[in-house]
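Everything on this sheet refers to the single structure shown next.
The values are calculated or read from the model by the stated rules, or taken from the named source; none is laboratory data. Computed from a predicted structure; not experimentally measured. Because the Cβ atoms are built from the backbone with ideal geometry, glycine has one as well, and the counts that use them run over all protein chains shown. Just so you know, the surface numbers come from the protein's heavy atoms only, side chains and all, with ligands and any DNA or RNA stripped out. Shrake-Rupley method; radii C 1.70, N 1.55, O 1.52, S 1.80 Å.
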Amino acid sequence: VRRWSSWPAPSSPASLPWRSDMRRPVVAANWKMHGSCATVQEFLEALLERVPQNAEAPEVVLCPPYTMIAAAAVVATASPVALGGQSCHWEEKGAFTGEVAPGMLVEVGASWVIVGHSERRQHFGESDDTALRRAKAAQQAGLRVIYCLGETLEQRDGGETFAVLERQSSVIGALEPAGVVVAYEPVWAIGTGRNASPEQAQEAHAFLRGRLRALWGPAAEGVRLLYGGSVKPDNAQALMRQPDVDGALVGGASLDAVSFLAIIQSAATV
Ligand code: PEP
């Protein structure tokens, strides 16, 4: 049983005690390119009626498209639900059409950002190098980072899973551990309805924990490792019961307040 009721406020990550039994779960919603300003507000209103509101509850993060963050903040400010962007650029400003700076996310109410998502890697040329640059800039702007990595089906079938995770995670050592959550998202499980088994997730998370220990030393014990890939209300608890699975990054099932809430409640009861 994890004990994290005495966990300090999330705004003071530097003072976190590095104890593996005190990793407060994080449940994050990645809305990808879905929703509207109206639906994000309705979603938050429904969520806030039921979301656990005490110090022992999981941290909840909602990452809608950029254009909806300000509307979401109208409802979420001073609530237990934090907001995040789905990526950010590494520069503060400049001629980078279509990009958004970390400070711009902060201005509209975000306190988190997803970086290195496999859809960015697959469709928009994201690399380990650019993901790291984004994550560093985000940390400098005061954002907390959900750093995504994971292998493709081809890589898993080819026995390369750990080599891929080793390569992808090697850059993370350049970040401040207190402001990073690492999301293991096997590409073959994202949006496919085919989740990793709890044992597969634990195996990858234990490997990543070892990598983080090598990079960060004892600070790695306090870093939350999220599983992402077809998390649903009916599989969330078994996944999050694994000792190194400290929460979930949820795509499809986060678009519906009832199913997202059920996943949050699963995290609250592990
Ligand atoms: C994701 O996009 O990060 C994700 C995990 O999606 P899904 O839950 O739909 O597989």
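See the values below:
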| quantity | calculated |
| --- | --- |
| For the range 47-57, 3J(HN,Hα) per residue [Karplus equation, 6.51 cos²θ - 1.76 cosθ + 1.60, θ = phi - 60°, Hz, x = Gly/Pro] | 5, 5, 5, 10, 5, x, 10, 10, 5, 8, 6 |
| Length added when fully stretched, SER127-ARG167, from 0.36 nm per residue minus Cα-Cα | 13.3 nm |
| Prolate/oblate/rounded label for the chain (Cα gyration tensor, a/c 1.5) | rounded |
| Accessible surface, the chain, averaged per residue in Å² (probe 1.4 Å) | 42 Å² |
| Filtered GluC sites (Glu not before Pro), the range 174-229: DSSP coil and at most 12 other beta carbons within 10 Å | none |
| Most mobile of ASP157, ASP128, ASP234 in a GNM of the chain (Cα contacts under 10 Å) | ASP157 |
| Cut-off under 5 Å, modelled amide H: who pairs with ALA29 long-range | VAL61, LEU62, CYS63, VAL250 |
| The range 146-161 - phi-based ³J(HN,Hα) in whole Hz, Karplus 6.51/-1.76/1.60, Gly and Pro as x | 9, 9, 9, 7, x, 8, 7, 5, 4, 5, 5, 5, x, x, 9, 3 |
| Label-to-label distance, nm, for residues given as THR269 and ALA214 (7 Å Cα→Cβ offset) | 3.9 nm |
| Probe 1.4 Å - accessible area at LYS232, Å² to nearest ten | 80 Å² |
| GLU203-GLU56 pseudo-label distance in nm [points 7 Å out on the Cα-to-Cβ vector] | 3.5 nm |
| Of GLY159, ALA135, THR67, farthest towards positive along the dipole that unit charges on Lys, Arg, Asp, Glu beta carbons give the range 60-176 | THR67 |
| Vicinal HN-Hα couplings computed from phi for the range 200-210 (Karplus, 6.51 cos²θ - 1.76 cosθ + 1.60; Hz; Gly/Pro x) | 5, 5, 4, 4, 5, 5, 5, 4, 5, 4, x |
| Gyration tensor (alpha-carbon) shape descriptor, the range 148-270, a/c threshold 1.5 | oblate |
| Percent carbon-and-sulfur accessible area, the range 138-270, ignoring ligands, DNA and RNA, probe 1.4 Å | 51 percent |
| Shape category assigned to the range 84-204 from the gyration tensor of Cα positions, a/c cut at 1.5 | prolate |
| Amide H contacts of ARG144 (H built 1.01 Å from N, under 5 Å, at least 5 apart or other chain) | TRP112, VAL113 |
| Within-15-Å neighbourhood charge of GLY229 [Cβ basis; K, R +1; D, E -1] | -1 |
| Amide H contacts of GLY247 (H built 1.01 Å from N, under 5 Å, at least 5 apart or other chain) | VAL26, TYR227 |
